[in-house]
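First up is the structure itself, then whatever we jot down about it.
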Amino acid sequence: MLGTIVNTSTIIIGSVTGSIIKKGIKEEYKEALFNAMGLAATGLGINAVVQNMPKSNFPVLFIVALALGSLLGTVLDIDNRFQKMTQRFSGKGRLGEGLSTGILLFCIGTLSILGPINSALYGDNTYLFTNATLDLVTSCVLASAYGIGMVLTAGVLFLWQGLIYLLACLLGDFMTPDMMTEISVVGGFLIASSGISILKIKDIKTLNMLPALLVPVVFFAIYYAFV
């Protein structure tokens, strides 16, 4: 868990640093930061899709995952519930948008998923230390745009990577490269959709799509049971 602890710490440090910088930034500069984060999220999402899709042995699975996941998330109204919860702490600010973007960027990347697995199975924290460096910079920029509330993403990351670490210890053989590839493809689309929303190209309720990440897991559980 050392890698996860380091990764969590860097997000806290980055968020605090960014929130301090925020106080001296003019409104037009903050808007420039929003645009920068939107472009970065869109680019990172597209990159994740382009890198992992050629490795996929189930090329239609991501479509099914996005469709079913979006439907389930909309029924559960995840995005609206999340926005209402964050507004209690931030008033009418854009913290909810920042948190949803931060959670996706920090948690759904390939390094954040494969890192805890490598740590649990091989004691290798290289991925997590690399991810921590990237998250330090990203959290600083996000907090400079959205405020100190971004520090909450550190707790989400710790729980997320801790869960993956625990599952890898218990179910290492089940978490195959094929499954990680499909999850990374779906995750890439979610990160890109978050960026599109920040850029105000289209209001995509990305949080409603989060259940899509569970579809590949369910699919492979059924697939391995019969193959």
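The values are calculated or read from the model by the stated rules, or taken from the named source; none is laboratory data. Small disclaimer: the values here were computed from a predicted structure and weren't measured. Neighbour counts run over all protein chains shown; Cβ positions are idealised from the backbone, glycine included. Side chains included, ligands, DNA and RNA excluded: accessible areas come from the protein's heavy atoms. Shrake-Rupley method; radii C 1.70, N 1.55, O 1.52, S 1.80 Å.
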Single residue of Ile164, Ile183, Ile191 found to be closer than 30 Å to Tyr224 by Cα and touching a Gly at 6+ places or on another chain (Cβ under 6 Å): Ile191
Selection within the range 123-151 - open to solvent by 70 Å² or more (accessible area, probe 1.4 Å) and modelled with pLDDT of 90 or more: Phe129
Any idea how many residues of the range 193-218 are under 11 Å from Glu182 (Cβ atoms) and either outside any helix (DSSP H, G or I) or under 15 Å from the mean Cα position of the chain (by Cα) (or both)? 2
If the Cβ limit is 8 Å and pairs must be 6+ apart or interchain, which residue in the range 181-198 that is open to solvent by 10 Å² or more (accessible area, probe 1.4 Å) pairs with which residue that is acidic (Asp, Glu) and part of a helix (DSSP H, G or I)? Ser197/Glu97
The residue that is farthest from Glu182 (Cα to Cα), considering only those in the range 41-66 that are open to solvent by 60 Å² or more (accessible area, probe 1.4 Å), in a helix (DSSP H, G or I) and hydrophobic (A, V, I, L, M, F, W, C), is Leu44
Could you please find all residues in the range 10-29 being of a type outside the set (A, V, I, L, M) and surrounded by 15 or more Cβ atoms within 10 Å (Cβ to Cβ)? Thr10, Gly14, Ser15, Thr17, Gly18, Ser19, Lys22
How many residues, within the range 67-76, are open to solvent by 90 Å² or more (accessible area, probe 1.4 Å) and out of contact with any Pro (no Cβ under 9 Å at 6 or more places or on another chain)? 1
Out of (1) part of a helix (DSSP H, G or I); (2) farther than 21 Å from Cys107 by Cβ; (3) modelled with pLDDT under 90, what's the single condition that is false for Leu71? (3)
Could you say which residue among Gly195, Gly172 is closer than 27 Å to Ala145 by Cβ and either at pLDDT below 85 or in contact with a strand residue (DSSP E or B) (Cβ under 8 Å, 6 or more places away or on another chain) (or both)? Gly195
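Looking at the range 100-118, which of the residues that are over 14 Å from Val186 (Cα atoms) and open to solvent by less than 10 Å² (accessible area, probe 1.4 Å) is nearest to the chain's Cα centre (by Cα)?
To start, the set of residues in the range 100-118 that are over 14 Å from Val186 (Cα atoms) comprises 100-103, 106, 111-112, 114-118.
Checking the rest, the ones that are also open to solvent by less than 10 Å² (accessible area, probe 1.4 Å) come to 101-102, 106, 112, 115-116.
On the way: Thr101: 7, Gly102: 6, Phe106: 5, Ser112: 8, Gly115: 14, Pro116: 14 Å.
Here the residue is Phe106.
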